[in-house]
Amino acid sequence: MSQRTVRLLLTAVVAAGLAAASSWAQERKPMSIKRSDVVFMGSSSVEAYRQYGTTVVSWGGRPWGDTERATDQFRRRVKAAHELGIGYLPGAAFRTAFTQMIDYDPQFEDSICRSLEGEPILVPWLWDHKHKDGHPAYWFCTNSPAYGAYLKHQIENAFAEDAEGLHIDDYAGTVGTRWAGGGCFCRHCMAAFREHLKENFPREKLAELGIASLDEFDYGEFLRGRGVTAEEFKNRAEGHPERIPLSHEFIEFQKRAAVAWVAQYRRWAEGVAGHPLALCVNSAVSGPDNLLIAPVVTFFSGEVHHEADSGKVSARPVWSFKLGDAVDRPVACTGAGWDWAFVKEHDKPGLVRTWIAQAYAFGHQFMPPVRQWCYTKEKGTHWYEPSAEDLAYVCRFVRENAELFDDYEPVAHVGLLYSNAAFRRYKRQAMDACEDLALLNVPFRLVLAGDDWMDERLESRDLEDLKALVVTEPTTLDDEQQAVLDRAKALTVTWPDPEGLFKLLPRQMALEGTSNVTVVPRRKPGDPRAPFICHLVNRNYVLDSDSMEVQRNFRLRLSDSLFGAAITGATLHAPQKEPVGLGVERAGGATTITIPGLDLWALLELERE
């Protein structure tokens, strides 16, 4: 499929869904995610829901089998959540439900992803799983009609009880096989790619490659004839088109086919449910592959690496939150399997509390663990089940102060350029700059510069409210967007250059008497009566004791230019503590507030002039 074809297909699918759903929408609108929502990763007990203040269940699963008993158990799970007013999103699994596919389709072997040599590709992190007759965890192909039929069957089961949305785990399906086994070159992928080339690839260029006709063309056979191996395709496909011709076209075809399939799948699910659905997918929200799916989803609900083994509060997840902001999609995240393995092995629930605090401070959600999947190469799959007493109070704090979270947006006078083309070429220095700015307490937002994968284009109006634009090299922009950047030279700071940045925009927030505390300012646009908010996140985590080094009697200075108004009063809110009114000092166009103590996390509610 060409880029234009996929875009037209997505447009048609979404338009059809909206047209069909127009009558539904009068009665029921799709669920959305609020800043104060507590999202569970999977269903749990009524007791756990109440302990955490749960509002949404994502990764909600489906009946474990095609039996009346399994269906009845699933319905009771959904009803239990609904009786508490909790939105429920059952789940579909595009990679990990290999046992059910084997049971569902006697001809399942025809839907297995295949390497360039025709060998079955397995799901690497399920190496310790087997099914009847010793079958391993096959990676099934989402381009296979038979596997598509099974995935639709999952939906029919998942909506045995009405629900508000759908979660898709491993939504990219076949795409990831390139990293697992250099695939997929099954007959279904070969047929679809053949049609893609017929529609999109110039015949003269095919002739230059020695391809006289596409009628019986098999890309796998073509590569094998050139001596290309699965391992070589896995490691060199994107960087050596002269050695592996058509590799770029093939990889992009697979990625866009995955997005088109998810769009169709959502429409199918809405037909089964009988009303519009929220859709979330498991995504790290880290780069171009993830952003391809953004127009199709309501929010992201997936695994984001938190670097647990560093023993520190990593700022790396801030990148996912900022990218979510940039595409206007909430991020309800969890840690990666190896993050949870570290927490379990060393018994560090205090580290998890920092993850929850940081996510909410930046306007998104961290899904608290109840029974959390862990993974290491040595142990394979295992599980972490923390005590609710260790974590639930942090989530309840959010729910108890929902009005200080909902509808609040970032405050930012600094932009950080995100070049989709640069990221596709693995030039990802902007991620490091993001972490630097967060730790320097520079409020910022991402400014998107798109390419043929992303429709957004850098325009002068995108920079109108900024005092500085941080840029990392190489920018890899097309001529038109580069011209916009060149015209903004007076605003531009090539990173790393904090001194240059603070010359353009003097510090709007400064801390005295503490270090390693992140300040996140937020405001409610369009509401002149709403207070301003500053989140204070303590990064002084002590691994040995699994506790925070409490920061005491430090001072926060806020320039009036930050919010565009003077601060006249402040109230400090913190988990498990009563709100405390704080005095403010005014001088030189700035407000200084003394913070008596900061343990894990606190919110400053700021009265405005």
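Can K427 be described as within 26 Å of L556 (Cα to Cα) and surrounded by fewer than 20 Cβ atoms within 10 Å (Cβ to Cβ)?
no
Would you confirm whether or not region 398-415 contains a residue that is basic (K, R), touching a residue at least 24 places away in the same chain (Cβ under 8 Å) and not in a helix (DSSP H, G or I)?
No: zero hits.
What are the pairs with Cβ atoms under 6 angstrom where one residue, in region 90-111, is free of Cβ contacts under 8 Å to residues at least 60 places away in the same chain and the other, located anywhere, is of a type in the set (A, V, I, L, M)? Sequence gap at least six, or different chains.
F98/A137; D105/A146; F108/M101; F108/I102
Going through G65, G134, G118, G53 one at a time, which residue ends up being within 27 Å of F299 (Cβ to Cβ) and either surrounded by fewer than 17 Cβ atoms within 10 Å (Cβ to Cβ) or not hydroxyl-bearing (S, T, Y) (or both)?
G53
When you check F300 against the structure, is it under 23 Å from T55 (Cα atoms), touching a residue at least 40 places away in the same chain (Cβ under 8 Å) and aromatic (F, W, Y), yes or no?
no
Exactly one of (1) in a strand (DSSP E or B); (2) among the polar types (S, T, N, Q); (3) over 28 Å from R555 (Cβ atoms) is unmet by Q481. Its number?
(1)
Just the residues that are of a type in the set (D, E, K, R) and under 37 Å from the mean Cα position of the chain (by Cα), please, taken from region 573-590.
Of everything in region 573-590, those that are of a type in the set (D, E, K, R) and under 37 Å from the mean Cα position of the chain (by Cα) turn out to be K577, E578.
For region 257-276, state whether one or more residues are within 30 Å of F217 (Cα to Cα), of a type in the set (F, W, Y) and out of contact with any Lys or Arg (no Cβ under 9 Å at 6 or more places or on another chain).
The answer is yes; a qualifying residue exists.
Those residues that are surrounded by fewer than 17 Cβ atoms within 10 Å (Cβ to Cβ) and either in contact (Cβ under 8 Å) with a residue 40 or more places away in the chain or closer than 21 Å to E307 by Cβ (or both), I need them from region 437-456; list them, please.
If the condition is that a residue be surrounded by fewer than 17 Cβ atoms within 10 Å (Cβ to Cβ) and either in contact (Cβ under 8 Å) with a residue 40 or more places away in the chain or closer than 21 Å to E307 by Cβ (or both), then L439, L440, D452 are the ones that fit.
Considering region 6-33 alone, what residues qualify as being surrounded by fewer than 16 Cβ atoms within 10 Å (Cβ to Cβ) and at pLDDT 50 or above?
E27, R28, K29, S32
If the requirement is being aliphatic (A, V, I, L, M), farther than 27 Å from Y426 by Cβ and surrounded by 21 or more Cβ atoms within 10 Å (Cβ to Cβ), which of these qualifies: A278, A257?
A278
Within region 72-93, does at least one residue satisfy the condition of being surrounded by 22 or more Cβ atoms within 10 Å (Cβ to Cβ), in the same structural domain as Y360 (by TED's automatic domain parsing), under 26 Å from G337 (Cα atoms) and modelled with pLDDT under 95?
Yes, region 72-93 contains a residue that is surrounded by 22 or more Cβ atoms within 10 Å (Cβ to Cβ), in the same structural domain as Y360 (by TED's automatic domain parsing), under 26 Å from G337 (Cα atoms) and modelled with pLDDT under 95.
Across region 564-604, which residue is farthest from D527 (Cα to Cα) among those that are touching a Ser or Thr at 6+ places or on another chain (Cβ under 6 Å) and surrounded by fewer than 16 Cβ atoms within 10 Å (Cβ to Cβ)?
Applying the filter and picking the extreme gives E585.
Restrict the check to region 260-270 and report whether at least one residue is in contact with a strand residue (DSSP E or B) (Cβ under 7 Å, 6 or more places away or on another chain), buried (at least 17 other Cβ atoms within 10 Å of the Cβ) and not assigned by TED's automatic domain parsing to the domain that holds P90.
The answer is no, given that none of the residues of region 260-270 is in contact with a strand residue (DSSP E or B) (Cβ under 7 Å, 6 or more places away or on another chain), buried (at least 17 other Cβ atoms within 10 Å of the Cβ) and not assigned by TED's automatic domain parsing to the domain that holds P90.
Condition first: surrounded by 12 or more Cβ atoms within 10 Å (Cβ to Cβ), without any contact (Cβ under 8 Å) to a residue 24 or more places away in the chain and not in a loop (DSSP other than H, G, I, E, B). Now tell me which residues in region 208-221 satisfy that.
Passing the criteria: only E221.
Examine region 556-570 for a residue that is closer than 23 Å to H364 by Cα, assigned to a loop (DSSP other than H, G, I, E, B) and more than 27 Å from the chain's Cα centre (by Cα), and state whether such a residue exists.
No; the residues of region 556-570 include none that is closer than 23 Å to H364 by Cα, assigned to a loop (DSSP other than H, G, I, E, B) and more than 27 Å from the chain's Cα centre (by Cα).
Within the group G526, G500, which residue is on the phi > 0 side of the Ramachandran plot and either out of contact with any strand residue (DSSP E or B) (no Cβ under 8 Å at 6 or more places or on another chain) or not assigned by TED's automatic domain parsing to the domain that holds L598 (or both)?
The conditions single out G526.
The values are calculated or read from the model by the stated rules, or taken from the named source; none is laboratory data. It should be emphasised that the depicted structure is a prediction, and the values quoted were computed from it without experimental measurement. Please note: Cβ atoms are built from the backbone with ideal geometry, for glycine as well, and neighbour counts cover all protein chains shown.
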